[in-house]
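Down below is the structure, laid out as structure tokens.
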Amino acid sequence: MDRSNEAELINQFRDPAQRDRAFRMILAKYQEKLYWHIRRMVVVHEDADDVLQNTFIKIWKGLSGFRETSGLFTWMYRIATNEAITFLKARQRDRAMIADDPDDTIKGRLKSDPYFDGDEVYEKLHIAIDSLPPKQKKVFQMKYFDEMTYEDMANILGTSVGALKASYFHAVHKIQASFESTD
Amino acid sequence: MDNNKYIWENDRFNKNPFKVPDGYFEGFPDRMLELLNQEVISAEAEKRRFIRPWMAWVSGVAAVLMLGWFGVRTYYWKPLQEVRYQENVAMFVDFYGEELHEGDLAGYIVDNKIDILKPAATEVNELIQIEPDQAEEYILESIGF
């Protein structure tokens, strides 16, 4: 969707008579992309569903005031990322309160998720990603899973392309080291 | 042959082994819009919940101010009225000169809070038991004209 179509859609959303229809179009266009981005961050479907709902509630509340300094998807992607991070931090706090819960490791969550059909390699990959520092984790997920260009990532994260390339490079090496250590 | 070094970089590696329940994406927009409508309704209810105590507070303050005003008015109204009558009498005295004495009509008028600026005031007529057209003459007589 180009910027002029986005602007038209946002204008329709600002009109109360057309709001629901415009939002349906936004949902149809972006829900899957945002869902998979969130799902890879939070892993379990039910959690991804909650975070996606919160993301679209924020989008609904903020869209009338959206200033269009960035693209619509960039803005929504940022909201989804923040919502997922908020969710993960809250879970981390809860996890700290319930020590040694075997089901609350990344492996435990993947195994308990009925909507996960990955093999052992994927499990290892996810465990390795989960151990990355937050910035490297985010960069790796955007590049590897969402297959975004460095330019788009720089736009979303507000970082230089060079810094992103360096982060990705470090993330790849840490993941491979993690694979080698478990072989 | 795949030249990628790592297994997870292999093209055959399934990057997305996650699934969603059947019909999840088809049903999500309806579910989301229903949720948003509930959000809007609860946001309005929240606004009303916020406004109600605020309105009660404003009404309470208004009630206190009104009671205060009525209290002040009741307390000060009488003296204010008297001041007005005394002013009226002063004008009356100015008009008729120094002839008014203690116990005469002016005192009577002040004591009975009669508005003497009203020509042939009903109260005067009733109190001095004279006909309206005789009131002016009575007043003039009583002050020695």
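Would you calculate a helix-derived [θ] at 222 nm for chain A, using -39,500 (n - 2.57) for each DSSP H run of n ≥ 4 and dividing by the full residue count, to the nearest 500? If you can, show how the numbers build up before the last one.
Details: 9 runs with 136 residues, N = 183.
One gets -24500 deg cm²/dmol as the mean residue ellipticity at 222 nm.
Tell me the angle of helix A:72-97 to the major Cα principal axis of chain A, expressed in degrees between 0 and 90 and rounded to the nearest ten.
The helix A:72-97 is inclined about 40 degrees to chain A.
Quick one: plug the Kirkwood hydrodynamic radius of chain A (C-alpha pairs) into Stokes-Einstein at 20 °C, 1.002 mPa s, and report D in µm²/s.
Estimated via Stokes-Einstein, D reaches 120 µm²/s.
Work out which GluC sites (Glu not before Pro) in chain A are exposed loop sites (DSSP not H, G, I, E or B, at most 14 other Cβ within 10 Å) and give the longest gap free of them. The partial results should precede the final answer.
Working: sites that count: A:E68, A:E147.
In short, A:69-146.
Please work out how much length the chain gains when fully extended from A:K61 to A:I10, using 0.36 nm per residue of separation minus the C-alpha to C-alpha distance, in nm with one decimal.
Values: separation 51, 0.36 × 51 = 18.36 nm, distance 1.24 nm.
Working it through step by step, the gained length comes to 17.1 nm.
Taking the 0 to 90 degree range and rounding to the nearest ten, how far is the long axis of helix A:3-14 tilted relative to the main principal axis of chain A, both from C-alpha atoms?
Tilt of helix A:3-14: around 70 degrees.
Can you send over the solvent-accessible area of B:K19, 1.4 Å probe, protein chains only, in Å² to the nearest 10?
Rounded to the nearest 10, that gives 90 Å².
Show B:R52, A:R21, A:R67, A:R109 ordered by accessible area, largest first, where the area counts protein heavy atoms only and the probe is 1.4 Å. Show your work: numbers first, answer last.
Numbers: B:R52 150, A:R21 130, A:R67 200, A:R109 10 Å².
Result of the area sort, largest leading: A:R67, B:R52, A:R21, A:R109.
Which of A:K124/B:K15; A:K111/A:K174; A:K165/B:K15; A:K107/A:K137; A:K29/A:K143; A:K138/B:K15 have a Cα-Cα distance over 19 Å?
Details: A:K124/B:K15 13 Å; A:K111/A:K174 23 Å; A:K165/B:K15 21 Å; A:K107/A:K137 17 Å; A:K29/A:K143 21 Å; A:K138/B:K15 16 Å.
Where the Cα-Cα span goes over 19 Å, the pairs concerned are A:K111/A:K174; A:K165/B:K15; A:K29/A:K143.
Which value, in square angstrom to the nearest 100, describes the accessible area buried between chains B and A on both sides, using a 1.4 angstrom probe?
The summed interface area works out to 3100 Å².
What figure in square angstrom, to the nearest 10, would you give for the accessible area of B:M55 with a 1.4 Å probe?
100 Å²
For chain A, what relative contact order do you get, as a whole percent, if you take Cα pairs closer than 8 Å and at least 6 residues apart?
Details: 127 pairs, mean separation 32.9, N = 183.
Dividing the mean separation by the residue count of chain A yields 18 percent.
Quick one: ranking A:K58, A:K143 by accessible area, 1.4 Å probe, largest first, what do you get? If you can, show how the numbers build up before the last one.
Details: A:K58 105, A:K143 60 Å².
Order by accessible area, largest first: A:K58, A:K143.
What spacing in nm lies between the two simple spin-label points modelled at A:R91 and A:H173, each 7 Å away from Cα in the Cβ direction?
The answer from the label model is 2.9 nm.
How far apart, in nanometres, would the label points at B:Y24 and A:N155 be if each is projected 7 angstrom from Cα along the Cα-to-Cβ direction?
About 2.7 nm, to one decimal.
Springs between alpha-carbon atoms under 10 Å, Gaussian network over chain A: tell me which of A:D47, A:D130, A:D94 tops the mean-square fluctuations.
A:D94
Evaluate region A:119-183: find the radius of gyration of its Cα atoms, find its Kirkwood radius, and give the ratio Rg to Rh. Intermediate results must be reported in sequence, preceding the final value.
Values: Rg = 12.1 Å, Rh = 12.0 Å.
Reported Rg/Rh, Kirkwood definition of Rh: 1.00.
As a test of reading the structure, rank A:Y115, B:Y24, A:Y150 by solvent-accessible area (1.4 Å probe, protein chains only), most first. Could you put the intermediate results ahead of the total?
Numbers: A:Y115 60, B:Y24 20, A:Y150 40 Å².
Largest to smallest exposure gives the sequence A:Y115, A:Y150, B:Y24.
Under 10 Å, Cα contacts only: if you run a Gaussian network model on chain A, which one of A:Q141, A:Q92, A:Q53 comes out with the highest mean-square fluctuation?
Answer for the Gaussian network model of chain A: A:Q92.
Just counting partner chain Cβ atoms within 10 Å, what average do the residues of peptide B:27-33 show around their Cβ?
Working: counts 0, 9, 9, 2, 3, 11, 7.
Mean inter-chain Cβ contacts per residue within 10 Å come to 6.
The values are calculated or read from the model by the stated rules, or taken from the named source; none is laboratory data. It should be emphasised that the depicted structure is a prediction, and the values quoted were computed from it without experimental measurement. Cβ atoms come from the backbone with ideal geometry, glycine included; neighbour counts cover every protein chain shown. Heads up: the accessible areas ignore ligands, DNA and RNA and are worked out on the full protein's heavy atoms, side chains in. Shrake-Rupley method; radii C 1.70, N 1.55, O 1.52, S 1.80 Å.
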